[in-house]
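For reference, the structure discussed in these notes is given below.
What follows draws every value from the coordinates through simple rules; no lab data is involved. Remember, it's a predicted structure, so these values are computed and weren't measured experimentally. Quick reminder, even Gly has a Cβ in these numbers, built from the backbone with ideal geometry, and neighbours come from all protein chains shown.
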Amino acid sequence: MTEAILALAQAGDGDAFRALVDPYRRELQAHCYRILGSVQDAEDVLQEALLSAWRSIDRFDGRSLRAWLYKIATNRCLNFLRGESRRPQPAYLPDHGADGAGQGRSDDPWWLEPFPDSLDDLAADPEARYDVRESIALSFVAGLQQLPPQQRAVLVLRDVLGFPAAETAGILGTTPTAVNSALIRARAALPPDRHPHEVPMPKSPDEAAVVDRFVSAFQRFDLEELVALLTDDARLTMPPEPAEHRGSGQIARFLVQTHRGQEIKLMPARANAQPALVLYLPDPHAPIWRANGLIVLSLRGDQVQALTRFASPSLLARFGYPRTLPRD
């Protein structure tokens with residue numbers, strides 16, 4: 001930021017304003033996504049925040065533009081969460097608990113959406129408690145949604161972004177003492193990742209080997225190989241559906257029984273710093289493949305510990321995949 005560009009923006013120059021805020025746009029979008037859990041909601045709230053920033057840029061004091069933008073975006077997120085009626089309603093599922101065969105009700109938020117992978121655009125702060133890939137992981141974002149909004153915001157600002165307590169208090173309009181208290185409660189309530197050091201590095205040969213084995217086993221409907229690839233405590237969830245499947249055998253059988261008898265096509269993608277697969281199924285009436293959804297894989301060592309399947313084909317545009325592909 002230069003004084004000249006700031007002066008132009010404060011005089012009403014839209015191009016100068018965009019030059020000021022564009023370097024922060026991607027990390028602000030990720031920030032809103034962590035707090036809200038939905039990419040669409042994050043995009044909508046970020047647009048509101050940037051419009052608010054544009055309208056008030058003449059009152060910016062010239063100190064930290066990044067902190068000022070985070071203050072506006074964070075408070076817009078909290079305002080959004082206060083209007084619960086704007087949230088989508090959960091899919092209906094009678095709450096009968098687990099059925100004894102590995103199926104039960106998921107605690108994950110029904111509004112959870114995958115975030116298109118672009119770690120290079122997300123800033124890492126040496127003061128942050130989480131590294132970049134941990135802070136955008138699907139399980140971490142899902143866990144954040146279980147926290148009260150204020151605790152959620154405090155944990156993200158302090159532990160993910162590395163803001164000091166005093167600066168976080170300024171963003172939230174509270175005191176450092178209140179921030180530290182909220183942070184203690186948030187850390188205690190957020191389930192820790194029990195195996196953070198067993199996750200292969202993104203785009204590494206180890207990660208690719210697990211994904212390749214999974215793709216091969218799934219396309220061949222190899223039940224035995226799928227069971228071997230899944231951890232004993234593996235979970236399959238399908239937001240916005242509230243059902244979940246647990247255990248390697250139950251998940252493998254569900255995958256095989258759901259798609260046996262039809263070809264499937266799996267295309268590589270990335271979401272939330274994790275490997276993902278776009279699933280295509282053949283159209284019975286035309287020589288094309290139709291998108292059926294996105295599967296995000298959470299890995300542990302050389303196995304898959306969680307699968308999160310998003311069935312909405314509309315999500316795929318964010319990942320650069322079309323709804324249909326020609327069949328060769």
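From the C-alpha gyration tensor of segment 200-326, pull out the three semi-axes of the equivalent ellipsoid (sqrt of 5λ each), sorted largest to smallest, in whole Å.
Largest first, segment 200-326 gives 22, 17, 14 Å.
I'd like to know how segment 192-274 sits against the 2.2 N^0.38 Å rule of thumb: what's its Cα Rg over that expected value?
Its radius of gyration relative to the 2.2 N^0.38 Å reference: 1.15.
For the chain, what does -39500 (n - 2.57) per DSSP helix run (n ≥ 4), summed and divided by total residues, give at 222 nm, in deg cm²/dmol to the nearest 500?
Calculated at 222 nm, the ellipticity per residue is -13500 deg cm²/dmol.
Compute the helix-to-body angle for 39-56: its Cα long axis versus the longest principal axis of the chain, expressed 0 to 90° and rounded to tens.
Around 10 degrees separate the two axes.
Cα axis of helix 248-259 to longest principal axis of the chain: angle in degrees, 0 to 90, nearest 10?
In the chain, helix 248-259 runs at an angle near 80 degrees to the longest axis.
Of the peptides 273-280, 318-325, how do they stack up when ordered by the mean number of other Cβ atoms within 10 Å, highest first?
273-280, 318-325
Using Cα atoms only, what is the angle between the long axis of helix 14-36 and the major principal axis of the chain, expressed in degrees (0 to 90) to the nearest 10?
Result, in degrees: 50.
Using bins 20 angstrom wide from zero, how does P(r) for the chain break down, in % of all Cα pairs?
29, 54, 17, 1
May I ask you to give the average projected area over all directions of the convex hull of the Cα atoms of segment 1-86, in nm² rounded to one decimal?
Computed as one quarter of the Cα hull surface, the answer is 5.3 nm².
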